[in-house]
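K.L.:
I'd like to ask you about the structure that follows.
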Amino acid sequence: MTDTRQTFAARLLHWFDQARRDLPWRRRRDPWAIWVSEIMLQQTRVEAVREPYERFLQRFPTPASFAAASDDELLTAWRGLGYYRRARLLRVGARAVVDQHGGVVPGDPDQLGELPGIGDYTRGAVASIAFGHAEVAVDGNVERVTARHRGLREATNTAPVRRTIRQTVGDWMSRARPGDFNQAMMELGAMVCTPTSPTCERCPVAADCIARAEGLVAQLPVRKPPRAAVEVAARVVLVAGPDGVLGHRLGSEEANAGQVELPGGGVLQSIDPDDLAKVLQQRFAARLRIGAELASVRHAITHHRITLHAHAGSVQAVGQLQWFPLHTSVPWTTPSRKVFRKALGADGSLQA
Ligand code: SF4
């Protein structure tokens, strides 16, 4: 065990330089390759990512190559990883890089964070590993290491504790090697400070670890229990015309910014069938006539269990809505795609 006369980062990096696993994405500095690896590694084990990762980058070596991928190519390239929504979002992000940045992944952390599909964690990982910015990247591993090391007894899945963790990791951060520092934190959480059987005797930062000193390792981190599921009956209208389907592009303040959804009150709002036309007028200044229900699909978002009812409709005034083709290049939301699969025929016609 090293002592505390060295900084946290120095001890951690000294350990990482000897213990780091040789992983395919650690041999690269190309921001696109780093971005792809971070998306693939979400909810997927390292071993399951190795082979698809190499295959994917051979087929799509640049954002532009993936931006042009068809749905079939996307599904083939993502084979073995599951959670295909991640791949679709990655393609939305790649298209934004092509449209807004000439196909070059921006090095500025703020611009990175504005790309669709890039959250705080991915932003920090790409900015630090590919571009050397001192930006933190807090995943579940980093959260656990920090909560134990600082002896945080409050639930880590709350906004104030998340802030404390980001601040603490930022204070520990190596300014000289930010990308290696972030990877070392994740590696420590994955290999040493593991969820159920941490090996503190092998830990490079054990000397000043509060959880270890106070016998709290098994109790930390604390997480607030998930909220009970809430059932939602959301409603949308499906109006098909010669130019496609009427949709609403989600703004930068909304979840899934940049994607397109069928017009409704939002998938998290329960709406009475009789109120749908009124809601569409209020939200989009659109005048639509709402008809019979065409299809209903199930969808889950965090603790919401949504039954999305899609109604037929006709339009008198589109207001702020727009016609979008039913083409793979349009980033329709997952619930909207589910509705299309059920309500539209292979030729795009309504099945009513
Ligand atoms: S000493 Fe143990 S609990 Fe503390 S950070 Fe290291 S592995 Fe985690």
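K.L.:
Looking at 30, 17 in this structure, which one is closer than 30 Å to residue 213 by Cβ and surrounded by fewer than 18 Cβ atoms within 10 Å (Cβ to Cβ)?
P.N.:
Every option except 17 fails the conditions.
K.L.:
For region 211-220, which residues satisfy the criterion of being surrounded by 14 or more Cβ atoms within 10 Å (Cβ to Cβ) and more than 8 Å from the ligand (Cβ to nearest atom)?
P.N.:
216
K.L.:
Right, another one. Could we say that residue 77 is at negative phi, surrounded by fewer than 15 Cβ atoms within 10 Å (Cβ to Cβ) and among the aliphatic types (A, V, I, L, M) here?
P.N.:
When the stated conditions are applied, residue 77 does not pass them.
K.L.:
Could you check residue 231 against (1) part of a strand (DSSP E or B); (2) touching a Leu at 6+ places or on another chain (Cβ under 7 Å) and say which number it fails?
P.N.:
Going through the list (1) part of a strand (DSSP E or B); (2) touching a Leu at 6+ places or on another chain (Cβ under 7 Å), residue 231 breaks only (2).
K.L.:
How many residues does region 269-313 hold that are in a strand (DSSP E or B) and either surrounded by 12 or more Cβ atoms within 10 Å (Cβ to Cβ) or outside the structural domain of residue 256 (by TED's automatic domain parsing) (or both)?
P.N.:
22
K.L.:
Of all residues in region 110-128 being buried (at least 20 other Cβ atoms within 10 Å of the Cβ) and free of Cβ contacts under 8 Å to residues at least 60 places away in the same chain, which is farthest from residue 259 (Cα to Cα)?
P.N.:
Across region 110-128, the extreme among qualifying residues is 128.
K.L.:
Also: Within region 223-236, is even one residue buried (at least 18 other Cβ atoms within 10 Å of the Cβ), within 16 Å of the ligand (Cβ to nearest atom) and touching a residue at least 12 places away in the same chain (Cβ under 8 Å)?
P.N.:
No, there is no match, as no residue in region 223-236 is buried (at least 18 other Cβ atoms within 10 Å of the Cβ), within 16 Å of the ligand (Cβ to nearest atom) and touching a residue at least 12 places away in the same chain (Cβ under 8 Å).
K.L.:
Against the conditions (1) within 30 Å of the chain's Cα centre (by Cα); (2) not assigned by TED's automatic domain parsing to the domain that holds residue 335, where does residue 213 fall short? Just the number, please.
P.N.:
Status for residue 213: all satisfied but (1).
K.L.:
Out of the residues in region 49-79 that are in contact with a helix residue (DSSP H, G or I) (Cβ under 9 Å, 6 or more places away or on another chain) and small (Gly, Ala, Ser), which is farthest from residue 116 (Cα to Cα)?
P.N.:
That would be 77.
The values are calculated or read from the model by the stated rules, or taken from the named source; none is laboratory data. Quantities reported herein were computed from a predicted structural model and do not represent experimental measurements. Methodologically, a virtual Cβ is constructed for each residue, glycine included, from the backbone with ideal geometry; neighbour enumeration extends over all protein chains shown.
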